[in-house]
Amino acid sequence: MALDQSFVGRTYPPESVYEVGRAKIREFAEAIGDPRPEYVDAEAARALGYTDVVAPPTFTTIVNLAAINRIVSDPDLGLDYSRMVHGDQSFAYHSPVVAGDRLLVTSTVEAIMSRAGNDFITLRADIATEGGEPRVTARAQLVVRDAEEAGE
Amino acid sequence: MSELTVGDVLPPLSTHITRADLVRYAGAALDFNPIHWNEAFARGVGLPDVIAHGMLTMALAGRVLTAWGLGELVTYSARFTRPVVVPNDDTGALLELTGKIGAVNDDGTVRVNLDAKFDGRSVLGKAIAIVRPA
């Protein structure tokens, strides 16, 4: 089923603040098996010039995904979540995400297209602190696989 | 860091992803899509079995960068071209992660070309990081 093209260009203002916690950074770093001390030890992080423990490169997937889910679950968009897979992802880093950051995410639907029966939607998340400092721009392309091709 | 040259290879990494790792990552990343933990659901939507989160593979490939002591990361991007199928056993799926310098840019940054292989085949496409070496 084709996605509603009228969603292209829509922007979703931040819904709530996400406060980055030391324990969440540690939990994420452990889940990806990354042992670097600046993720778990504030002193080690400060020695590298950060104000507190710093987040691993893909940590903001947490807030990015929440923003994605908010958009793709809109029934008007017509997206079958059960057939959705992640096509690609990019992060552009503006400043380090550290514990204590209070993040806001503004999301934009950048593109919707259809190819060979699959639907593609590109979403951008502008992630910044409450004070307006840009942290990360995240882009995700999601693919909704053609139901006819199930079982390939 | 100095004297980086195109073709330089970063220390590789290999790791096994088990179902337990997927559950743990799901909780840490707050990604509870059932295709990453529920076999019946995954098969029901046409997948061969439970598959790993693309973002977990991307994070693991990122460890090749962070282990290298990368300096400042400017961008990191990847396409998820092939699923990493994770069996319900103690061994899981073996992921082999590599990186090499793809370009040394005029602005002082370097491009690192990353790759993740599962079953001998790449599961990431155009996995690229732009790094400003310390």
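On a 0 to 90 degree scale, rounded to 10, what angle separates helix B:19-29 from the longest Cα axis of chain B?
Between the helix axis and the principal axis of chain B, the angle is about 60 degrees.
Give me log10 I(q)/I(0) at q = 0.19, 0.23, 0.26 Å⁻¹ for region A:1-44, Debye formula, one equal scatterer per alpha-carbon, no solvent.
Debye curve over Cα of region A:1-44, log10 I(q)/I(0) at q = 0.19, 0.23, 0.26 Å⁻¹: -0.68, -0.80, -0.93.
Any chance you could give the angle, 0 to 90 degrees and rounded to 10, that helix B:54-68 forms with the longest Cα principal axis of chain B?
Rounded to the nearest ten degrees, it is 30.
Assuming a viscosity of 0.890 mPa s and a temperature of 25 °C, what translational diffusion coefficient in µm² per second does Stokes-Einstein assign to chain B, Rh being the Kirkwood radius over Cα pairs?
For these conditions, the coefficient is 157 µm²/s.
Over all directions, the average projected area of the alpha-carbon convex hull for region A:58-109 comes to how many nm²?
Across all orientations, region A:58-109 yields a mean hull projection of 4.5 nm².
Ignoring ligands, DNA and RNA, how much accessible area is buried between chains B and A, both sides summed, with a 1.4 Å probe, to the nearest 100 Å²?
Interface between B and A: roughly 2600 Å².
When you take every Cα atom in the protein assembly as shown, what is the radius of gyration, and what is Dmax, the widest Cα pair distance, in Å?
Every Cα atom of the protein assembly as shown included, Rg and Dmax give 18.6, 55 Å.
In region A:27-75, how does Rg compare with the Kirkwood Rh, expressed as the Rg/Rh ratio over alpha carbon atoms?
Over the Cα atoms of region A:27-75, Rg/Rh equals 1.17.
At 25 °C and 0.890 mPa s, grab the translational diffusion coefficient of region B:67-134 from Stokes-Einstein with a Kirkwood Rh over Cα pairs, rounded to a whole number in µm² per second.
Once the numbers are plugged in, D ends up at 185 µm²/s.
Could you give the accessible area per residue of region B:78-134, probe 1.4 Å, as a whole number in Å²?
So region B:78-134 comes to 50 Å² accessible per residue, rounded to a whole number.
Check each residue of region A:14-36 and keep those whose accessible area, probe 1.4 Å, is at least 10 Å² smaller with all protein chains in place than in the chain alone; give them in order of residue number.
The answer is A:24, A:27, A:28, A:30, A:31, A:32, A:33, A:34, A:36.
Report, to the nearest whole %, how much of the accessible area of the protein assembly as shown belongs to carbon and sulfur atoms, 1.4 Å probe, protein only.
51
For region A:52-152, what percent of Cα pairs sit more than 22 Å apart?
35
The values are calculated or read from the model by the stated rules, or taken from the named source; none is laboratory data. Given the structure is predicted, the values throughout are model-derived calculations rather than measurements. Accessible surface is based on the protein model in full, side chains and every heavy atom, while ligands, DNA and RNA are left aside. Shrake-Rupley method; radii C 1.70, N 1.55, O 1.52, S 1.80 Å.
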